[in-house]
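Down below is the structure, laid out as structure tokens.
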Amino acid sequence: MDVHTSLTAAVGNTPLVRLNRVTAGLGTPVYAKLEYAGPGGSVKDRAALSMVEAAEEAGLLRPGGTIVEGTSGNTGVGLAMVAAQRGYRCVFTLPDKTSAEKIAVLRAYGAEVVVCPSGLPREDPRHVFNAAKRIAADTPGAWHSNQYDNPANPAAHFRTTGPEIWRQTDGRVTHLVAGVGTGGTVTGTGEYLKQASGGRVTVVGADPEASVYSGGDGRPYFVESIGLVRHAETVENPWPESYRPAVVDRFERIGDRESLHTARRLAREEGLLAGGSAGTAVAAALRVAAGLGPEDLVVVVVPDSGRNYLSKVHDDGWLRRWGFLDGDGTHPVVGDARSVPPVPGLRASDTVKQALATLDEPAPGRPAEADHPVLVSAAGARADGVMTASEVLGSVTARGLRTALDSGAARSDDPVRSLLAPPPPAFGVGEPAAQALAALEEKAADIAVVVLDGRVHALVRRAALAAAVRGARAGQAAGDAVPRQPEGRPGGVPAQDAHGG
Ligand code: PMP
């Protein structure tokens, strides 16, 4: 019989499949290692099984014990699968931005899920990692698998993923491209392939462009499970020990828009339904292949399935809300309305005095109105003046701050964090202008944030949205087409830096 004696015996040995359409025009073959084909549906099956077996061997995990992990999902699935088979209890801590599908899957395996707030500094006791550590310490018979610093994580890939790729390509692989989350995949697979090839294989890390690993400032981004973010109030941001940076020969840095659209292209052009991190990895692999010849062979790791992200990466509404999809030209969109650049943001820890001093300073492009909302985040204005839309904590106005001081409601050394109003409603550049206008009218709000590529791009007034809607209606009445802006370049605001594909 050609059978497996247990589910965990079916972990690994995933197919390596040539990409044939997204690679059009490239002379170098690119093969995708389809990790979603495993029984738990992701690359983390390998690490989970390896960590549990190492813990059993070391006596850290005994019959009836509890596995505790801080995980954004896939490691949890792998651990929960092994735990269900072997009778362990599972408790997972995850950030509240984790997709609903991932949480539902963990619960389906019988795991307990503790949802922690996201956007916290690493030292905060409520941070996913600290919460997992505490639960493990407080639970008799518990073992914290700690994928970030567990040597059994990269070892799983050295033992399985690397040898599989070497065998499947008959030793012809020249380039490995993989995202770096805990670093287990790139470290174990990369070290094996370098060893097997006598150093001939080049290892390329596929990193979100904001990730600390490849030199970004650590601001939040939209692709899940890879890269390293750094919260503005984090004091120490240790890198995982599962990642040995020396293995990576170079990075390709990929913006959210390119990652998300590449994931969509994989589904639509290759029939390969994968997650956002696969989009990052394949986008990087295509760049790598573009610089190579026919004798080279690129392998890219596809970590999980797009089924984990049907309400995110693969949902048009979600993409449009965060400014990753432009209008289709059939109706006016938010990006068609006249807008003004946002005031560079304030830091939540700034005092009222500091905030007013900043706001009183004249700056080019900044609206002088005292009622103009100024967005506040933990990091404040980044070096490039751009704020990720998801990091906005709230807003203040110069007039509001002065009124609070004058009335005695606030002191000049209070942090603005204590005086925040909710942020203005936010709309993606490609959302219908009429819909945004109706939402503002319903909320009796006058101003909205315009989001492009997940970033705060501009502010738009209700009157400007109304004019955009009216302009379209007038044009339609006269039988004219609505004037369109070029793709991704909303009207009335300066073009942002190009984001690639
Ligand atoms: N992509 C997805 C979807 C993942 O779940 C993970 C694991 N965090 C990775 C990529 C990165 O893998 P690794 O932790 O081995 O670096």
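The values are calculated or read from the model by the stated rules, or taken from the named source; none is laboratory data. These numbers come from a predicted model, not from an experiment. Positions of Cβ are generated from backbone atoms using ideal geometry, with glycine treated the same way; all protein chains shown enter the neighbour counts.
Points to keep in mind about this one:
- Being in the same structural domain as Gly162 (by TED's automatic domain parsing), buried (at least 24 other Cβ atoms within 10 Å of the Cβ) and either within 15 Å of the ligand (Cβ to nearest atom) or in contact (Cβ under 8 Å) with a residue 40 or more places away in the chain (or both) is a property that does not hold for Ala232.
- Residues (of a type in the set (Gly, Ala, Ser) and within 14 Å of the ligand (Cβ to nearest atom)) located in segment 236-265: Ser242, Ser259, Ala263
- Residue check, Arg21 more than 16 Å from the ligand (Cβ to nearest atom), closer than 27 Å to Glu269 by Cβ and either among the basic types (Lys, Arg) or surrounded by 24 or more Cβ atoms within 10 Å (Cβ to Cβ) (or both): yes
- Selection count, segment 138-174, where residues are within 22 Å of Val302 (Cβ to Cβ), touching a residue at least 60 places away in the same chain (Cβ under 8 Å) and among the small types (Gly, Ala, Ser): 2
- Of the residues in segment 164-173, at least one is closer than 28 Å to Arg18 by Cα and buried (at least 23 other Cβ atoms within 10 Å of the Cβ).
- Selected residue (only one of Arg489, Arg470 is at pLDDT below 70, surrounded by fewer than 17 Cβ atoms within 10 Å (Cβ to Cβ) and under 29 Å from Asp371 (Cα atoms)): Arg489
- If you go through segment 184-204 and keep only what is out of contact with any strand residue (DSSP E or B) (no Cβ under 9 Å at 6 or more places or on another chain), within 21 Å of Ile226 (Cβ to Cβ) and among the small types (Gly, Ala, Ser), you end up with Gly184, Gly188.
- Note on segment 175-210: residues that are in contact (Cβ under 8 Å) with a residue 40 or more places away in the chain and either closer than 29 Å to Thr388 by Cβ or not aliphatic (A, V, I, L, M) (or both) total 25.
- Every residue from segment 175-202 that is of a type in the set (Val, Ile, Thr) and within 16 Å of the ligand (Cβ to nearest atom): Val177, Val180, Thr182, Thr185, Val186, Thr187, Thr189
- Of all the criteria given as (1) in the same structural domain as His231 (by TED's automatic domain parsing); (2) away from the ligand (no atom under 12 Å from the Cβ), the one not satisfied by Val68 is (1).
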